[in-house]
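What follows is a single structure, written as structure tokens, with notes after it.
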Amino acid sequence: MSNTKKFYIDGAWVAPTESNFLDVIDPSTEEAFDQIAMGTAADVDKAVAAAKAAFDGFSTTSVSERVHLLQRILKGFNERREEVAQITTREMGAPISFAREAQTYTCSAHIEAMIKILEDYPFEEQHGTTQVTKEAIGVVALITPWNWPLNQIICKVIPAIAAGCTIVLKPSEIAPLDAIIFAEILHEAGLPNGVFNLVNGDGPNVGEALSRHPNVDMISFTGSTRAGILVAKAAADTVKRVTQELGGKSANIVLDDANIETAVSTGVRICMSNSGQSCDAPTHMLVPATFYEQALDVAARTANTLIVGDPQDESVELGPLASEMQLNKVQALIQSGIDEGARLVAGGVGTPNGLTKGYYAKPTVFADAKSSMAILREEIFGPVLVISAYSTEQEALAIANSSHYGLAGYVQSSDIDRARLVARKLRAGSVFINYPDWDVMAPFGGYKQSGNGREGGPHALTEYLEVKATVGYYS
């Protein structure tokens, strides 16, 4: 890959203002396999200036022009989809089968969905004598994470392009290479110069410079709640729009009429998919007290059968965590659960399956945790599940809603009407009933400290638009 030590600004690959480079680490080997340039505020200034200069022209393009552009982007992505899957596995450790079937599949699906949405989106409406127009908000800064690297980029970049915005992207420095491939795809698709710009770097330098920049009209951030607070504070002085998809501690309520074997075993697998590195993972399972020990037995059996190992092996279900820092955090939280007295049902600290190299964690299940314990309060972001017992449906809802997060919730029941009633009472941005198939049109985002704004479906496009009312437009 030839552009890793450059930035994409104003339609060209350019050298950084300073020669500062960062190793990209393969988490399965703990070895560097590439380097990226690390940006500065000066690089951000250049990228924002290019985006600002391109805005007037791009924001007035027709819907048809933008539809055709997205179609070319989709074609280019699909042609390089296997390459993206391979680099995702290499840079953040997703098993290759998961990288193909989930990480890159969702990318294609989001682009296809946005094409359909854009074709019929109501940019103009009449209300009384007023013409209500939805217009591109302006220059948008996008900061994306490492856990679903290109999926999260596409969830922001594609609706921003559909809206007519111009863009500066800062991907995660832990998993940055798929963003470089995507920039090449956009270039080949004929995106006008300056509409999309890419500056690699870290949060304290590039992220903060984007958040504070007076010529950035909106910032969309996905990452931890801690980092999201810093972004919002930095953005406050310029009163720009801030949308955030932050942390989660999602409850999975198994009702007493559910099939315990199916509900628990599937819940364990979904929780630990992507090595537990998904913000909406169902990491706190709530089961009726009468089925508690049965549920723990099912969970332990399921966790112990998960195949952990080399992500290039197509039979592997869980790869390594994305970085040494993430591994250390997960191991420390597992140890805290043990130290604070939670019952270890499966897994624990240390390396699974005798693996001697790589940032691997054991699939871990805890029971008998108290609400004061870190494993119940904090987002672990690893293959760790906590199972708690409840006596009544009301108690289960109270436990689920007591978290300061509110990204997702899950309900398992053989009675769909009962499940719907419980779902209505969960304070979460997404609720999943009986482990449904993924819906590309569903809005995704959180309540409380899980953020604000939505990605996915028509709501994703709306986030990048301003509303103008022209009164007296109609007589």
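So the values come out like this:
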item: In segment 8-25, residue nearest to residue 352 (Cα to Cα) [restricted to those that are in contact with a Lys or Arg (Cβ under 8 Å, 6 or more places away or on another chain) and assigned to a strand (DSSP E or B)]; result: 21
item: Output for segment 314-332, where each listed residue is assigned to a helix (DSSP H, G or I) and within 15 Å of residue 173 (Cα to Cα); result: 324, 325, 326
item: Check on residue 174, in a strand (DSSP E or B) and at pLDDT 95 or above; result: no
item: Residue in segment 94-112 that is in contact (Cβ under 8 Å) with a residue 24 or more places away in the chain and farther than 23 Å from residue 439 by Cβ present; result: yes
item: Entirely in segment 386-475, the helices (runs of 4 or more DSSP H) that have 1 or more residues that are surrounded by fewer than 18 Cβ atoms within 10 Å (Cβ to Cβ) and in the same structural domain as residue 130 (by TED's automatic domain parsing); result: 457-462
item: Segment 244-260: number of residues that are buried (at least 22 other Cβ atoms within 10 Å of the Cβ) and not small (Gly, Ala, Ser); result: 7
item: Which listed residue, of 102, 41, 15, is under 18 Å from residue 183 (Cβ atoms) and of a type in the set (A, V, I, L, M); result: 15
item: Single condition residue 285 does not satisfy, out of (1) assigned to a loop (DSSP other than H, G, I, E, B); (2) in contact with a Cys (Cβ under 8 Å, 6 or more places away or on another chain); (3) not acidic (Asp, Glu); result: (1)
item: Selection status of residue 199, of a type in the set (A, V, I, L, M, F, W, C), surrounded by 19 or more Cβ atoms within 10 Å (Cβ to Cβ) and over 23 Å from residue 378 (Cβ atoms); result: yes
item: Which listed residue, of 345, 349, is out of contact with any strand residue (DSSP E or B) (no Cβ under 8 Å at 6 or more places or on another chain), at pLDDT 95 or above and over 24 Å from residue 404 (Cβ atoms); result: 349
item: Answer residue from segment 333-347, given it is aliphatic (A, V, I, L, M) and under 13 Å from residue 373 (Cβ atoms) and is surrounded by the most Cβ atoms within 10 Å (Cβ to Cβ) among those; result: 334
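The values are calculated or read from the model by the stated rules, or taken from the named source; none is laboratory data. The shown structure was predicted, so the numbers you read here are calculated from the model rather than taken from an experiment. Note that each Cβ is placed from the backbone with ideal geometry, even for glycine, and that neighbours are counted across all protein chains shown.
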